[in-house]
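The values are calculated or read from the model by the stated rules, or taken from the named source; none is laboratory data. Here the structure is a predicted model, which is why all the values come from computation and not from measurement. Here the Cβ positions follow ideal geometry from the backbone for every residue, glycine too, while neighbour counts run over all protein chains shown. The accessibility values were calculated without ligands, DNA or RNA, using every heavy atom of the protein model including side chains. Shrake-Rupley method; radii C 1.70, N 1.55, O 1.52, S 1.80 Å.
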Amino acid sequence: QVQLVESGGGLVQPGGSLRLSCAGSGMIFSIYDMGWYRQAPGKQRELAAAISSGGSPNYADSVKGRFTISRDNAKNTVYLQMNSLKPEDTAVYYCNARSLTFNLWGQGTQVTVSS
């Protein structure tokens, strides 16, 4: 079965850290560009960070310097290390794999930043 499964979300205090993981199965993981998107209540889904099949990352301005995206193709997994978390980072975080002819989403994992 072709799927992406996210894990690692939860409740964290402002200034804290979380590491999200997204494991792919049933797919040739290494050929896809991978992204972490997020959707806060009442807002549109937005890109937080992405990493190309070649390993080049890019980040939304709102997370630059705080989030780091990485991938381990041997483990079919992409990670999002989130540091210095803010309440405005609260959202459901979705993993995405895509190419010109492929677009797959995970089910999402909730991240809540609150004291």
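Residue count for the range 1-41 satisfying the condition of being touching a helix residue (DSSP H, G or I) at 6+ places or on another chain (Cβ under 7 Å) and either farther than 19 Å from Ser52 by Cβ or hydrophobic (A, V, I, L, M, F, W, C) (or both): 2.
For the range 40-68, filtering for residues that are more than 12 Å from Met82 (Cβ to Cβ) and touching a Gly at 6+ places or on another chain (Cβ under 8 Å) leaves 3.
Within the range 29-73, which residues are closer than 19 Å to Val2 by Cβ and outside any strand (DSSP E or B)? Hits for the range 29-73 are Phe29, Ser30, Ile31, Tyr32, Ser53, Asn73. Please identify the pairs in which a residue from the range 101-115 that is assigned to a strand (DSSP E or B) has its Cβ atom under 9 Å from the Cβ atom of a residue that is open to solvent by 90 Å² or more (accessible area, probe 1.4 Å) and not basic (Lys, Arg), counting only partners at least 6 apart or on another chain. Matching pairs, first to second residue: Phe102/Ile31; Gln110/Leu11; Val111/Leu11; Thr112/Leu11; Val113/Leu11; Val113/Gln13; Val113/Glu88. Taken over the range 58-93, the criterion of being open to solvent by less than 60 Å² (accessible area, probe 1.4 Å) and among the acidic types (Asp, Glu) is satisfied by Asp72, Asp89.
Kindly establish whether Val78 is touching a Lys or Arg at 6+ places or on another chain (Cβ under 7 Å) and either in contact (Cβ under 8 Å) with a residue 24 or more places away in the chain or more than 12 Å from Ala23 (Cα to Cα) (or both). Here the answer is yes, as Val78 does meet what is asked.
If a residue must be over 11 Å from the mean Cα position of the chain (by Cα), open to solvent by 20 Å² or more (accessible area, probe 1.4 Å) and not β-branched (Val, Ile, Thr), how many such residues does the range 24-38 contain?
Residues of the range 24-38 over 11 Å from the mean Cα position of the chain (by Cα): 24-33.
Subsequent filtering for residues that are open to solvent by 20 Å² or more (accessible area, probe 1.4 Å) retains 25-28, 30-33.
Adding the requirement that they be not β-branched (Val, Ile, Thr) leaves 25-27, 30, 32-33.
Qualifying residue count, the range 24-38: 6.
Filtered by the rule that a residue be among the hydrophobic types (A, V, I, L, M, F, W, C) and more than 15 Å from the chain's Cα centre (by Cα), the range 69-101 gives Ala74, Leu100.
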